[in-house]
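Novice: Okay, handing you the structure first.
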Amino acid sequence: MRLKLTLIREADPPYRVGEPILSPAEAARLLGPIIADEPQEVFMVAVCDARHRYRGHYEVSRGSATTSIVHPREVFAAALMRNASALFLFHNHPSGDPKPSDEDVAVTRRLVHAAELLGLRILDHVIVGHAGAYHSMKEAGLL
């Protein structure tokens, strides 16, 4: 598998509620800067409506420098309360390298399956590294 790293452009403006998120780069630009420099793993969710318009985001969990525990009930509880139709998953790698681990891929697959059962759609899982680097599981064909 070939890893594609892309940089988040710092000059881009932040997202506003109601603006559509149309690509992994736009998704990374939304929450990437918020969690990129955190000293521990932080897992966040951006909620969207059926047309992928941004409706807000929330933190699901904080872990250690190398791991974060993510349970589907915490991921989807707030999304359901906000009447979300679609979600972007985000987390950072404090090491700075956004390459997904085997556990990252396994968690994503579990969350995609759980989302389908709830009538939600996961649009991407973006892993954020340092200096604007990110990895899109959708672009890598892992979603």
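Novice: Mind listing the phi-derived Karplus ³J(HN,Hα) values for the range 87-96, rounded to whole Hz, using 6.51, -1.76 and 1.60 with θ = phi - 60°, and x for any glycine or proline?
Specialist: Here the 3J(HN,Hα) series is 9, 10, 8, 9, 7, 10, 10, x, 5, x Hz.
Novice: Taking H placed 1.01 Å from N in the peptide plane, check which residues at least 5 places from residue 125 or on another chain put their amide H under 5 Å from its amide H.
Specialist: So residue 125 has HN proximity to 89, 137, 138.
Novice: Can you give the three extents of the C-alpha atoms in the range 26-103 along their principal axes, from longest to shortest, in whole Å?
Specialist: 34, 26, 20
Novice: Using mean projected area of the Cα convex hull in nm² as the read-out, say which of (i) 7.9; (ii) 8.4; (iii) 7.4 was calculated from these coordinates.
Specialist: Given (i) 7.9; (ii) 8.4; (iii) 7.4, the structure-derived one carries the label (iii).
Novice: If you don't mind, another one. Please get the size of the charge dipole for the chain, origin at its Cα centre, with Cβ charges of +1 on Lys and Arg and -1 on Asp and Glu, quoted in debye to the nearest 20.
Specialist: 420 debye
Novice: Post the alpha-carbon centroid distance, the range 31-45 to the range 116-143, in whole angstrom.
Specialist: For the range 31-45 versus the range 116-143, the Cα centre distance is 14 Å.
Here, each number is a calculation from the coordinates, and none is a lab measurement. Keep in mind it's a predicted model, so treat the numbers as computed, not measured. Neighbour counts run over all protein chains shown; Cβ positions are idealised from the backbone, glycine included.
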